[in-house]
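Chemist: Take this structure, written in structure tokens, and hold onto it; I'll ask about it next.
The values are calculated or read from the model by the stated rules, or taken from the named source; none is laboratory data. All values reported here derive from a predicted model rather than from experimental measurement. FYI the Cβ positions are ideal-geometry reconstructions off the backbone, even for glycines, and counts take in every protein chain you see.
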Amino acid sequence: MMATLGKLAISTAAALVAGVALAAPASAGPPVTASGSFVEISGGSTVTKAAGGNTFLSGFDTGVYTGGLSGTVHDVWTSVVHADGSFETKGTETCAVCTIGSQTGSFTAHWVFTGIFLPNGTGPTAGTLVFKSGTGGLAGIHGSGKFAGDAVAGTETYAFNYLFAP
């Protein structure tokens, strides 16, 4: 009887382990890179404070991605512009309907960038974006990447590495 219970316990344990193994999520493949361009189409900002030669702003914008990521996004951000023209900006980006690769859905991302307003009227920037969440076809998106552009012109190029995992 003990041998039968022992075999039953071993069989049950083996079945549970096999069931868990079969139910485990598939591993995500290697990251894929989406690259292309971004252009700001509208936006606004408000000076929230000025102190010690620094100007603090909060703002919003709407922009359009083309390339490996496509769709219209909305950003909310804060920035500090220093007396020498350099600045740091951070924000949150949301997209209700975007396509990355062949998947369409919504996403939220956080980004930061730095730059400088130059006497020639340009504002070169470089930054990083991190995907925080996604829904629909973009559920389970993970990744990050770099972008660079001109804050005055409102244009950027990007390369974001991403994958989908539970």
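Chemist: Have a look at PHE117, PHE107 and point out the one that is among the aromatic types (Phe, Trp, Tyr) and under 29 Å from PRO30 (Cα atoms). Quick ask: steps written out before the conclusion?
Modeler: Numbers: PHE117 fails: under 29 Å from PRO30 (Cα atoms).
Every option except PHE107 fails the conditions.
Chemist: Then there is this: Going by the conditions given, is GLU88 in contact with a strand residue (DSSP E or B) (Cβ under 7 Å, 6 or more places away or on another chain), acidic (Asp, Glu), surrounded by fewer than 18 Cβ atoms within 10 Å (Cβ to Cβ) and assigned to a strand (DSSP E or B)?
Modeler: yes
Chemist: Identify, from the list VAL112, VAL64, the residue that is out of contact with any Leu (no Cβ under 9 Å at 6 or more places or on another chain) and either surrounded by fewer than 15 Cβ atoms within 10 Å (Cβ to Cβ) or under 16 Å from PHE38 (Cα atoms) (or both).
Modeler: So the residue among VAL112, VAL64 that is out of contact with any Leu (no Cβ under 9 Å at 6 or more places or on another chain) and either surrounded by fewer than 15 Cβ atoms within 10 Å (Cβ to Cβ) or under 16 Å from PHE38 (Cα atoms) (or both) is VAL64.
Chemist: While we're looking at this one, here's another question. Return the only residue of THR46, THR55 being surrounded by 14 or more Cβ atoms within 10 Å (Cβ to Cβ), modelled with pLDDT of 95 or more and among the hydroxyl-bearing types (Ser, Thr, Tyr).
Modeler: THR55
Chemist: Test of understanding: among ALA28, ALA18, which residue is modelled with pLDDT under 95, in contact with a Phe, Trp or Tyr (Cβ under 8 Å, 6 or more places away or on another chain) and at negative phi?
Modeler: Working: ALA18 fails: in contact with a Phe, Trp or Tyr (Cβ under 8 Å, 6 or more places away or on another chain).
Exactly one residue qualifies, and that residue is ALA28.
Chemist: Quick check, is GLY63 within 26 Å of ALA165 (Cβ to Cβ) and under 17 Å from the mean Cα position of the chain (by Cα)?
Modeler: No; evaluated as a whole, the condition is false for this residue.
Chemist: Additional query: Taking THR99 as meeting all but one of (1) touching a strand residue (DSSP E or B) at 6+ places or on another chain (Cβ under 7 Å); (2) on the phi > 0 side of the Ramachandran plot, write down the number of the exception.
Modeler: Going through the list (1) touching a strand residue (DSSP E or B) at 6+ places or on another chain (Cβ under 7 Å); (2) on the phi > 0 side of the Ramachandran plot, THR99 breaks only (2).
Chemist: A further question on this structure: Which residue pairs have Cβ atoms under 7 Å apart, sit 6 or more places apart or on different chains, and have a first residue in the stretch 120-147 that is under 19 Å from LYS90 (Cα atoms) and in contact (Cβ under 8 Å) with a residue 60 or more places away in the chain and a second that is buried (at least 16 other Cβ atoms within 10 Å of the Cβ) and among the acidic types (Asp, Glu)?
Modeler: Filtered contacts from the stretch 120-147: PHE147/GLU156.
Chemist: Out of the residues in the stretch 102-152 that are of a type in the set (A, V, I, L, M) and not in a strand (DSSP E or B), state the one that is farthest from the chain's Cα centre (by Cα).
Modeler: Ranking the qualifying residues of the stretch 102-152, first place goes to LEU118.
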